[in-house]
Structures are given as C-alpha cells and as structure tokens.
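As structure tokens, the structure follows; a few thoughts come after it.
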Amino acid sequence: MTQTPNTAARRAMRTPGLLLGVVLTVAMIAAALAAPWIAPFDPNEQDVLAILAAPDATHLLGADAFGRDVLSRILWGARISLYVGFLSTLAGVVAGTTVGVVAGYYGGLVDRIVVAATDVLLSFPQLIMGLLLVAVLGASIGNLVLAIAVTAAPAFIRMARGSTLAMRERDFVDACRSLGYSDLRIMFFHILPNILDELVVMASLWLASAIRTESTLAFIGLSVPPPTATWGGIVRDGFDNLLDGPWLALFPSLAILVVMIGLNLIGDGLRDATDPKGAQ
Amino acid sequence: MTDADIALRVEGLNTQIHVGSDWHDVVRDVSFSIRPRETLALVGESGCGKSMTALSVMGLLPPKVARIGAGRIVVDGIDLVAADEATRENMRGDRLGMIFQEPMTSLNPVLPIGFQVGEALMRHRGLSRRQARQKARELLELVRVPAAAERLDAYPHQFSGGMRQRVMIALALACSPKVLIADEPTTALDVTIQAQVLALIADLQEKEGLAVLLITHNLGVVASVADRVIVMYGGDVVESAPVGAFFARPTHPYSEALLAAMPRVDSDGGLEPIPGQVPTLTAMPKGCRFATRCALRTDACAELPPLAPVGGDPEHVARCWVRRDS
Amino acid sequence: MSEAPLLLVQDLKKTFVAHRGWPIPKRTEVRALDGVSFEVGRGEVLGVVGESGCGKSTVARVALRLQPSDGGSVTFDGADVHMASRREMRAMRRRMQMIFQDPASSLDGRQRIIDALGEPLRVHGIARGAAVRPAVERLLDEVGLPRTALDRYPHEFSGGQRQRIGIARALSLSPDLIFADEPVSALDVSVQAQILMLLERLRRDRGLAFVFISHDLGVVRHFCDRVVVMYLGRVVESGPTAQVFAEPLHPYTRLLKESSPEPDPTRTITMNFQEGEPPSPVSPPTGCHFHPRCRLATERCRTERPALRDLSPGRTVSCHLA
Amino acid sequence: MIRFVIKRLLLAIPTLWAVLTTVFLLVRVVPGDPTIVILGDQASAAARAELREKLGLAKPILAQYVDFMGQILTGDLGRSLATNRPIVDDVAAVLPYTIELTIASLIVGAVIGIPLGVWAAQSRDGFADWFARLFSLAGVSFPAFVSAILLLIVFAVELRWFPVISAPRTDALSERLAALVLPSLNLGLLMVAYVTRVTRSGMLKALGEDYTRTARSKGLAQRTIVWRHAFPNVLVPVVTVVGLYLGVLIGNAVLTEIVFNRPGIGKLIVTALNQRDYTLLQGLMVVSAFAIVVANILTDLTYGLVDPRVKTP
C-alpha cells in the first residue's frame, strides 16, 4: 500500500540508525564547510621539523612525509571529496532518472535503445570506467564530476525505468491517460512522485559510492593534482609510509569510513522507513 | 453424537490478533463439529474471522501476531490447543490437510510437483523418495491431473490455476487425513473451473470419508456443496443451520441482508445493500457486533445475545435478541 | 437500433507479443482480441462477460485507445477513436471514462482526494482556482462520500469508499460512456450491492451508457440491458441479458450459466471434474475455440471458425450448431 | 547445454560490438588531444606528431575503427606504448591471478554471506539480525583500499601473520593460498555484505509466502521449511545481486591488488596510468568489459539452474 510522506517521515525518525547516519554526515559536511576557520594549519604548509610526526598536541593527527598537518589536510580534503561526490551524484540522478522514466513510459524503440545503451555502459566496471574517463579527459574537478556521473547514470536509468514500468502496471497511469492528461504531466506529476522514495534511497547509497569512487581515483593518483588535499590522496601519502607511521593512512581512512557509514545508514534507514513491508 | 462419529470438534474457540499494543478478539466463542463425509461451510465477509478460524484449527496462525486465547480443537481425541508443538506438527498434513485460496502462490515455484505432493508421506509415513514419487503419481491421478506420470517433474508455473488447485488437493490428501480445511478454495478460479474443483472435492470426500471445513464468502457455493452452514460476523457466529433450513429461513438479520445483497442469475429481484461497513477491529460495538448496521436494532442489542434456537428447530440457531424464539 | 450507436466496435484485433524463454528468448503471441464486434447505444448498459484470458479487459483498454489496436475500428459518436488527432482525442476523452477493478491501484497514493478529483477539472479547464473545491464537493455528494474526505489520502479509505472515489473521478468530466472493468469484484457482497446501486442511480440521473465488464453473471444480469459473451478473444454470443441467460444459445454460455452457483440448494450447479485443462490463449484451438470443451462438437467445429450471425432480433451467436 | 552456451554467446555479439565501439570512441572522440594528455603540454609538435603516428591517430577515424576491430577479431590488442610488448601477452600473464582472487572472494561471500543472511532472517531484530546488519554495513561502507590498508596494518604490520606483499614467490599451493588469504578476505568482505543483505531480505520474503504456509500445513519441521522450501527461492536474488555487483567486484579487485602488491590486472592498470600507456589502457578496458559480458552470460545460465521458471516457460 502506498503511504503519505508523513507516516514515512515519522517512521524514519524512529529509526536510530538513520538518525546516527544523519548526525555523522551532517557533522562531516559542517567540518568541511568550516575548514578555513577550524583547520589548525594551512593544509599545504610544510614543517620540516614535523616530518612523519606522531599525533601530539600540535599535530593532533600527526604530520605527513612533507611535515604537513594531517588534520588540516583531512578537513580541506573533505571539501573536494564531498563536493565532487554531491555534484556527480546529483548530475547522475537527474540525467539517469529523466532518461529512465521517459524510456519506461514510452517503451518501444526508444526504450530498446536506452536499455541497450545502458547495458553497454554497465558492461564496464564502474571504477575502471571512471578511471579511463579521468585518464583520457585529464584530472580536474569538472572531469571528475563528469566521469563519476557517467558511471552513476546507468544505474539510475535502470532503476527509474524499472519502477516506471511497475507503475505502468498499476491502473492509475491508465486512469490518468483516460482523463486526457499529457504524457509530461503523467510522467513527472504522477509517476515521478511515486518512485521518489526509491530514488532517494538509491541516491543516498550512490552518494556514498561516488565519494568512494572519488577517493579511490585519488588513491590511485587520478584526482586533482597534488599538493591539493583530497581524502584518497592523503590515504595514498600515508600508505606510501605505512611502515613508518600507520596512523598517517589510518586517520584519513577513518574520515572516509565515517562518511560512508553515515550515508549507508541514511540509505538503509530510509529504505526501511519507506518500505511498506518494513512497517509491519 | 458420540465422539467416534466426529472428525473435528471445536469448542469455545477464541483467537486474538495483536494490533498496536493490544490483543483483539477476531474469533469469539466459536464451536462446531464435523462428521466424516460432512461439509461445514463457514461464511461471511472479509474480516469476519472465518479464515482465522481455519488457521487456528490448522495451527498456522502467524506467530507473535496471532494466538489462540481459549478453546479446544479436538481431532482423534487429541486437543490441539493443549498439545505441544511437536504433536501439532505430527497432526498437520497427516490427520489434517489444508488447501488455500491462491493456488498460484501456494505451491513452491522452485520444487517439482511430484516432490511437493509426496513430501508429506516422507515426513509422516517414512516413505523413501522413490516410494513417495510413486504415491504422488497415484495421487495426481486421483485428482485427475492429465498425464500425471509425465508431470511429476513439472513445476507449478507449468500448470493452469485449476490444475494447481488440483495439485494442492492431492498434496493435502497425501496422508489420507480425516479433515480437509478448504480456505476459499475456488475464489481465485473462473466459474467453470470452480465447478470442476468443487466437484472433485465432493467426489474425494465421498471416497475418502473426509470431513470438510469449507471457508467461503460465496453463498452460491455454500448452497451447492455444504451440508451445514455457519455465518460469521465480526468474529461471532451469528447463525448456524443445516443448509436447507438456512436458505429456506435465513433468520439473523445479517444472514438475511447478505442474501438480499447478492445479485442472482436466475431472477430480476432488486438488490438491497447493507448500509455502512464492518467496524474496524479496534472500534467494534460492545454487544451485538452487527447492531450498527442492523435495521431491527433495539436497546437490548447493547448486550451480546446468545446463540438460541429459531423456528423451533434445535439444529437452527441464531444470535439475535429480536429473532429468537420467545 | 434506429439511431446511430454511441459506440461501435468492429472487428477489433489486438495481439500481445512476449519474448520469453531460456537461454534464448522466443517470441510468443497472444491474440487477446480476435475480431471483436459490438455496439452500445446512448444510455445503454452493455455487459461483457467471460473468464480470465477471454480478452474482456483488453476490449476496454483498446477501445479507449489506452493501447493501440492491431486492426478493426472503434467509432465513438461517429468519430474513429484510433484515427483521432491529439486534439480530437483530448475532446473525446472527456466523453469516455473508465472505472477500474482495483481502486487501490487506480488512485495515485500520493494525491489527496481534492487533488485527484480536482486535477481533471483543471486540466480540461472545467473549473479553476476557487471553483475547484465546490465542484469536487458536488462530486463527493453525488457518489455518497462525506466532504471531509477531501483532504485525506486514498489509503485512509475502505475498498468500497475508494471505488466511490474512482467513480467520482470518472464522473468529473461528465462523460457519456463509462467503461467499468470489474468494478465490484474486489468488494464484499454487501459493499458490492452498494456500489451497484450507486451506478444504477448515476445511470438514471445522468443518462450514462456503460460497458460493464465482469465475470459474475449475477452482477451482469442485474445491471446490464444487453450482454456480450466472450471466449478466448472472440464474441460467442450476444443479446438482451434476460434472454441470453434464460435461454443461452451457445454451449459456452450454457456452461457458464450452469457453473454459476446460486444461493439455492435446490438448484445444484453442473459439476464435471473429468474435464481437463482449459486451452490457453497462447495456442488457442483451431476452428471454434470452444470445441475441445464442447460435448456437441463436430468435425466442422474443429476446422472451421463459426461466424457471428443473427439468430433472432437482437440475438447473435457464433456456433455452427445453434 | 553446450549449444545453449554457444547461442547465448552469439547473442552477446551485438553487446560486445557496442562495448568495443564505446572503448574506441572514448579514447578518440573525447575533447582534447590525447597526445597532450600523454606527453604534457610542453611537448614539441614533432614529438606529438610522432606519437600520433604511433597511436594510429593520423589516419582517418573510419580507417582507425576498421584497424581496431580487425585487430581485436584476430585476438590482438595491439602493442604497449611503453614496452612495445604485445598487450595480450601482458594480460595473459597476470589474468589468472585476478581470476583466482575474484573467485576466492566470491566463495568467501557465499560461504559467509548465505548462512549469515539465513540466520539473521530467522531471528528478525534479534542478535543475529543486528550482527548481520552491522557486518554488512561495514562491508558496504569500507572502500576496498581502506579495508585493505586496515587489514595490512592489523595482520601484516602488527600481527605479522601474513606477508605485507601478497605475491606468491613460488608456485607451491600453500604459498599461493597464503598469499590469497588477506586479499580475498578484503575483496570478499563486500560480497559478504551484499550476499547477506539479499539473503536476509529474500528469506524474510520467502518465509512469509503462501508456499511456506503450505509447507507448514504438511507438518514439516522449521529446519526443513527453511532450507528445503524457503532457501531455494533465495538463490535467484542472490545470483542477481552477485551478477550485478561483479563490476564493482572487478573494480575492487584492482584496488586490492594494488594495496597488497599482488600481480594482476590492477597493477597493470596502474602501470599503464603511470606510464601514460594509452594502448595498454585501451586493451585493459576491452578485457575488463569482455569479462563483464562473460560474467553476465554465466549469470543468465545460472538463472536457468536455480529457477525452473526460466528454463521452462
């Protein structure tokens, strides 16, 4: 049975995991936004005396092989990782959903072409696709967003198409058509609101995925060029000095992990809250 | 009636379900007994408690959500309510068989038909897979599934709805139970197929000496196959009678209204709908539960009437202050 | 019939194609409509009966052009529905509406009742702004729902009430013809009677014509003037309801009638459990589709498709033997 | 069966063709000049022209396309820009390691994930359920390189149970297996998460279905109902999810190989990236897409084995 947004929201608030997820994610976003004010050091300032320093009162999370403060780099890195993640997911969701709903609604040749194209795009491992795109396009924030959005879009096309097909099975789409509503009205005023739940759930999970892809690319060395701090890049710097100071890789890893857990908790919590079967 | 003549006896059954934070009665003080070769029909509209009664008898109430509050369910001298789960498990599928409303979903889609039909024999009779398969073939022939031998290895999706319900019947009768519980067995089927399935059940009932508890909302089906009928409303038995007496003199206002609301093929008689709707479980009236929709309502109806004989027939009882014999 | 019919369906065809199979999908065809013809006069109620897979629901959807046809024609008030331009179609949609079997699935769960019923008024420019609410209130009055229903969501209503909402929506555009696809079969008997009475009243008050699709002969007998009996995509018999059910001409109609249980223990239904599986619409039998289940079938029935012919005024049948 | 496989492969040809065309176009039609990306913008015009020639970019695009397709049809992926070795040889040398790792992690995913999911479904909201939820939350949350680093820190750096470099030095089975433990655990963690989730929800659904009630009406024991009646119905969604996430798995295999310093496609990719080896990258792309297409075929065939509805409509 369908439900009003109200009951879903109320149930969402009763899910402790979801609440924790929101807290973790919001905290991380706040930290990223406040980086210029709360970061103790300039993220690129090199302190020769602090090279590979263990965590202490000055460098709370230690300093890296160039003597840069790890905490400051993590805070500044959050800005890029989160920015790229949000923007690319948004682009992927908007593009993918539009194409998916249209293909699912009209069916026929349009649908067949979209399905075939999606199958082809999904034939590339997501990470390798992103990797190749960034390698070919060159590493910049814009290209990162584009590459990650391209890897996200097919999943949203597939989901939106599938849900639209399921909606078409329900009589209310036929009802709308027999009432003489235009196709656009049916697609975006009637079908879209009904698949929004699923979309939001999936978007929050893909946001995690996008941030993971960004940090992974950075870890491999395909992101905004150094010395600009990104999470994956900081982990990589730490990983190269793993035996000298395991904490260098540990702390940025934890930062990524916190966001991942936060977003996944949000996604799972929303899924439980919007899944009618979970209500019982 | 001596106990030996009785295949299933239910006494004072009370079943409750959990809504919000409370347990609510969905079946109240239901008693009946069925003899071999007899068909007892439980009729009523959705939410009247007829299916919950069937599930209670079979011991298939969903755990944590529903429970039996009181009563006795006696088969073969064993009270299923008092017995432990192991005993109940041994009785299910052996002494009691059940078929369900949806033949489409009641068979396991990934297991072959032959196995599903013969499985109860492996469980209760210790048959080997080979023996069970052999017996499954005989059972499928018994329910007239064409080319039974070749279809032992077929899967449910390869059968039509009517054939699936036949397979379900074969499955339920595998261990030659004394009691068959049929919960809306033909509701999902087309009328011509419904006629086939009802005929099959009647035939097997005669051959195997089955006692049949038929749950249905369709008074036409009741008239066609039942020997006795119990009408339920809001969890209460409102009327109980032999079929002939019931259709000749439907006495409880609800029974009467139900018949008047049913459009018929053979006459032009006008329809008389029952006003309003069944109150929700949490908002049931205190006394007679039909009182809110009843044209004959009096002040006495604030108290629950007992089942009392009507029309001078001790076999024909109704739960109504207005219509009882004075 | 003296004047031109409101709806004329001629030789309508519809084939569904599915690709199924493993590992290589195969093309299978289902002829849902295999040359279906009937007509509905102004203010007339036509029943369409048949069992699952006979194509009775498809008729409504193709006639309303919710699905394209694969042949034949649908003429509404003199205009061809499937040839109509977008503009003409929009105008025609106001005059032909539909009521669905499952009111839960035919209402948008995200829309409040005021929006569900107000939207068609706004889209077709019947009422705007402040005029919408009173118009919707009038609709609710007409179908017997309280005005407090306006600001609630569909899931807050019972099945019967939701069906009333579906009916109110169909009425919102003041149509001449309503296709009702099993409108009462998901409802309990007592509620079913309420809805039937409501439809009866609307028909009288508004002079509505109906195409009433149902598997329940009793309901059809009660509500319809004429009836069309379908079997595996074809019309096998048609005529005035009382006559058809009193004296069925086609063996299938006879079987349907004899199988329909009546609340009368003295009239037992014909039950024959020896019969095998009914044919599937994927591979229908040759000749007369009904011949494998027909006791009277001859060689001719197995090979030659019987034509639908007039037998007496207003009665047609498609059987070699009738 | 063999004939089915062949037919299904033939059906995959259009997809493969589209995939190859996409790779071709990606490398050539993207905005910007690949020679600048490879050589940097300080490179001389002559050097760029030479590279152009070497990459075959000087020819008209259609001729390039024909060359590209022709090569692949004959099983040739071209030569590495950096080493001039045939790419096929490089790939063939390391492919077994990647396949070995992927299969090992699939086994880890199934062996841990399925029982965990079944267990969790039976004690809904109980201890097992919470444990499974936490476990799978961790599984989906850890980026592969993060979990890999943590595993390394704990088991290789601190505990010293396993080598830091997970490359087998000899072909001895014991050594190969030892080198496989941490990487396959790392890669398997994600699979465990997905498999646990889908098994849990699938079991919950199956246990609520009508056929489970039928099984109960036969008087079967709970254990029989769970494993014989409900569980087989879960295999379909499990296969779906495994098939769906094979792409993610292959991507993560790359990362795992990098962190554990294991030979494999992953390391080859990093080498290609570092050396701006365009042709090698293109070849690897073709190989990985090919792998996914094959995996999809395997998934389809598996459906036929676990779901009778697929095989016999």
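At a glance:
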quantity	calculated
Every pair of residues 6+ apart whose Cβ atoms lie under 6 Å, when the first sits in the stretch C:217-229 and is within 26 Å of C:Asp34 (Cβ to Cβ) while the second is charged (D, E, K, R) and open to solvent by 10 Å² or more (accessible area, probe 1.4 Å)	C:Asp225/C:Glu44
Leading residue by the ranking (surrounded by the most Cβ atoms within 10 Å (Cβ to Cβ)) among those in the stretch B:82-117 that are within 24 Å of B:Arg166 (Cβ to Cβ) and among the basic types (Lys, Arg)	B:Arg92
Test: B:Glu184 is on the phi < 0 side of the Ramachandran plot, more than 10 Å from chain C (Cβ to nearest Cβ) and surrounded by fewer than 23 Cβ atoms within 10 Å (Cβ to Cβ)	no
Test: B:Ile274 is within 8 Å of chain C (Cβ to nearest Cβ), in contact with a Leu (Cβ under 9 Å, 6 or more places away or on another chain) and open to solvent by less than 10 Å² (accessible area, probe 1.4 Å)	yes
Criterion violated by B:Ser46 - all others in (1) open to solvent by 60 Å² or more (accessible area, probe 1.4 Å); (2) not in a loop (DSSP other than H, G, I, E, B) satisfied	(2)
The stretch C:138-161, residues that are of a type in the set (Ser, Thr, Tyr) and crowded, with 19+ Cβ neighbours inside 10 Å	C:Tyr153
Condition met for C:Glu51 (open to solvent by 20 Å² or more (accessible area, probe 1.4 Å) and within 14 Å of the chain's Cα centre (by Cα))	no
Residues satisfying the stated conditions in the stretch A:115-153, i.e. under 29 Å from A:Ile195 (Cα atoms), more than 10 Å from chain D (Cβ to nearest Cβ) and not hydrophobic (A, V, I, L, M, F, W, C)	A:Thr118
Residues being open to solvent by 40 Å² or more (accessible area, probe 1.4 Å) and either in contact with a Lys or Arg (Cβ under 8 Å, 6 or more places away or on another chain) or part of a strand (DSSP E or B) (or both) - total across the stretch B:34-43	1
Unique match (being within 13 Å of chain A (Cβ to nearest Cβ), surrounded by fewer than 23 Cβ atoms within 10 Å (Cβ to Cβ) and farther than 25 Å from D:Val270 by Cα) among D:Leu173, D:Leu137	D:Leu137
Enumeration of residues in the stretch B:249-271 that are facing another protein chain (nearest Cβ under 7 Å), assigned to a loop (DSSP other than H, G, I, E, B) and touching a residue at least 24 places away in the same chain (Cβ under 8 Å)	B:Met262
Filter result for the condition that a residue is surrounded by fewer than 20 Cβ atoms within 10 Å (Cβ to Cβ) and modelled with pLDDT of 85 or more, over A:Leu75, A:Leu87, A:Leu49	A:Leu87
Residue among B:Glu315, B:Glu303 that is more than 30 Å from C:Glu258 (Cβ to Cβ), open to solvent by 20 Å² or more (accessible area, probe 1.4 Å), out of contact with any strand residue (DSSP E or B) (no Cβ under 8 Å at 6 or more places or on another chain) and modelled with pLDDT of 90 or more	B:Glu303
Helices (runs of 4 or more DSSP H) wholly inside the stretch C:86-145 that include at least 1 residues being within 11 Å of chain A (Cβ to nearest Cβ) and touching an Asp or Glu at 6+ places or on another chain (Cβ under 6 Å)	C:86-95, C:103-106
Residues of the stretch D:53-76 satisfying the condition of being more than 33 Å from the chain's Cα centre (by Cα) and open to solvent by 70 Å² or more (accessible area, probe 1.4 Å)	D:Glu53, D:Lys59, D:Pro60
Positions within the stretch C:228-252 being within 28 Å of C:Gly72 (Cα to Cα) and within 11 Å of chain B (Cβ to nearest Cβ), in sequence order	C:Tyr231, C:Thr241, C:Val244, C:Pro248, C:Tyr252
Hits in the stretch A:177-198 (condition: open to solvent by 10 Å² or more (accessible area, probe 1.4 Å) and in a helix (DSSP H, G or I))	A:Arg177, A:Asp183, A:Leu184, A:Arg185, A:Phe188, A:Phe189, A:Leu192, A:Pro193, A:Asn194, A:Leu196, A:Asp197, A:Glu198
Scan of the stretch B:285-299 for residues that are in a loop (DSSP other than H, G, I, E, B), open to solvent by less than 60 Å² (accessible area, probe 1.4 Å) and farther than 17 Å from C:Asp188 by Cβ, ordered by number	B:Pro285, B:Gly287, B:Cys288
Residue list for the stretch B:142-200, filter: within 21 Å of C:Ser280 (Cβ to Cβ) and of a type in the set (Val, Ile, Thr)	B:Val143, B:Val145, B:Val167, B:Thr186, B:Val191, B:Thr192, B:Ile193, B:Val197
Single residue of C:Ser190, C:Ser174 found to be small (Gly, Ala, Ser), surrounded by fewer than 23 Cβ atoms within 10 Å (Cβ to Cβ) and over 16 Å from the mean Cα position of the chain (by Cα)	C:Ser174
Residue within the stretch D:286-297 that is facing another protein chain (nearest Cβ under 8 Å) and under 30 Å from D:His229 (Cα atoms) present	yes
Matching option when the condition is of a type outside the set (D, E, K, R) and under 20 Å from C:Leu6 (Cβ atoms), among C:Ala60, C:Ala32	C:Ala60
Matching residues in the stretch B:49-76 - criterion: being among the β-branched types (Val, Ile, Thr) and either within 14 Å of chain C (Cβ to nearest Cβ) or open to solvent by less than 10 Å² (accessible area, probe 1.4 Å) (or both)	B:Thr53, B:Val57, B:Ile73, B:Val75
Qualifying position, being in contact with a helix residue (DSSP H, G or I) (Cβ under 8 Å, 6 or more places away or on another chain), without any contact (Cβ under 8 Å) to a residue 12 or more places away in the chain and open to solvent by 20 Å² or more (accessible area, probe 1.4 Å), among A:Arg161, A:Arg170	A:Arg170
Matching residues, the stretch B:162-210, being among the charged types (D, E, K, R) and not in a helix (DSSP H, G or I)	B:Lys178, B:Asp183, B:Glu184, B:Asp190
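Yes or no, residue by residue, for (1) out of contact with any Gly (no Cβ under 8 Å at 6 or more places or on another chain); (2) open to solvent by 30 Å² or more (accessible area, probe 1.4 Å); (3) farther than 24 Å from B:Gln165 by Cβ:
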position	(1), (2), (3)
B:Ala202	yes, yes, no
B:Glu208	yes, yes, no
B:Leu213	yes, no, no
B:Val222	yes, no, no
B:Val243	yes, no, no
B:Tyr254	yes, no, yes
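A quick yes/no check of all residues on (1) assigned to a helix (DSSP H, G or I); (2) open to solvent by less than 30 Å² (accessible area, probe 1.4 Å); (3) under 28 Å from D:Thr199 (Cα atoms):
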| residue | (1), (2), (3) |
| --- | --- |
| D:Leu220 | no, yes, yes |
| D:Val226 | yes, yes, yes |
| D:His229 | yes, yes, yes |
| D:Gly247 | yes, yes, yes |
| D:Val310 | yes, no, yes |
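The values are calculated or read from the model by the stated rules, or taken from the named source; none is laboratory data. Only a predicted model underlies this, so the values are computations on that prediction, with no experimental measurement involved. For neighbour counting, all protein chains shown are included, and Cβ atoms are generated from backbone atoms with ideal geometry for every residue, glycine included. Only protein heavy atoms, including side chains, enter the accessible area calculation; ligands, DNA and RNA are left aside. Shrake-Rupley method; radii C 1.70, N 1.55, O 1.52, S 1.80 Å.
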